[in-house]
Amino acid sequence: MIAPFEASKLKLERAAEHLQEFNREAIAYLNSKPCAIVVEPFPGGLHEQMGTQSWNARIRKAIPTKFSTLIGDAVHNLRSALDLLICDLVRINNKNPDNVYFPFCSSAADLPHAIRKRNVHRAGRDVVQAIESLKPYKGGNVVLRLIHDLDIADKHQALLPVLSGVSLPLGKLFGTNLPDNVGNWQSLIDHDGQMIIGTEDYLKIPLGTELPARFFLALDFGPGVGFRPVIEGLHELAHEANRVFQALTSLRPGAVFPIVPPVGGRGGAAPPSRPVTPPNKGP
């Protein structure tokens with residue numbers, strides 16, 4: 001049998017590999033200049049009437065749908081690592097790992113029930129206390145809870161990021177000495193031709209000019225968090241999963257599995273063996 005905690009560790013390492021691959025491909029995608037902010041006439045004839053213009057997003061290369069699988073696989077491996085971790089803690093305690101899961105729940109009040117329902121108590125009182133301190137519920141440890149929520153979301157829809165633009169150098173645009181980090185601008189871009197800013201033409205920027213905007217990828221991390229830079233957010237999730245791994249494995253240094261695994265559905269020890277009587281095959 002694989003050594004205690006090794007399966008969980010392998011899942012964490014696999015998640016890191018998915019994140020590294022996503023990071024490489026995301027950088028290559030952004031370096032290909034997939035989008036530009038272009039100065040265009042304001043729609044509805046207002047450009048001719050009032051001298052207004054709009055700064056529109058022009059998507060030239062769609063976000064690869066493969067990104068959703070890399071993100072989903074990374075999240076799923078993080079989530080699986082937590083379940084495998086709890087199962088190993090139960091095995092080490094010579095209890096049955098059937099129906100054992102990491103006890104995510106909705107609130108602090110629900111946690112004792114979740115620990116019982118997910119059979120985490122089979123791992124020992126110190127493990128239960130450690131889980132309680134981790135606060136794996138909504139409003140508790142937000143980052144830890146996100147691992148569960150994103151894993152559930154990935155089963156119903158693709159976790160595909162969107163483009164976001166940031167840092168239009170307003171000093172250069174206005175012809176002043178403002179530093180480039182003044183007036184950082186950010187907007188989610190979900191379709192070609194999306195208007196980012198409508199403005200009067202007092203800047204005298206020629207129509208067709210591509211503004212020097214920088215872009216990154218953002219992902220919706222769910223209620224209470226919203227859109228965040230995807231690479232930064234996913235690495236935060238991975239860091240938290242590894243922190244949980246270290247906290248719980250430190251409770252059982254040098255642990256080994258019992259020689260005879262338990263059987264049965266209530267987490268007890270193996271029942272005494274019974275002799276097996278061969279069937280009577282007749283004369």
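FYI, it's all coordinate maths here, none of it is from the lab. As the structure is a prediction and not an experimental result, all values here were calculated from the model. Virtual Cβ from ideal backbone geometry, glycine too; neighbours counted across all protein chains shown.
Given K33/K155; K11/K95; K11/K155, which pairs have Cα atoms separated by over 25 Å? Listed pairs above 25 Å: K33/K155. All other residues whose Cβ lies under 15 angstrom from that of Q129 are scored, Lys and Arg at +1 and Asp and Glu at -1, for a net of +3.
Applying 0.36 nm per residue to the separation of H239 and K117 and subtracting their alpha-carbon distance, the gain on full extension is 41.2 nm. Each residue, I59 and S250, gets one label point 7 Å from its Cα in the Cβ direction; the gap between the two is 4.5 nm.
P258 sits among other residues whose Cβ lies under 14 Å from its own Cβ, and their net charge, with Lys and Arg +1 and Asp and Glu -1, is +3. Which parts of the stretch 119-151 would a label at D110 reach, counting a residue when its backbone N lies under 19 Å from a point 7 Å out along Cα-to-Cβ? Backbone N within reach: 119-121, 131-151.
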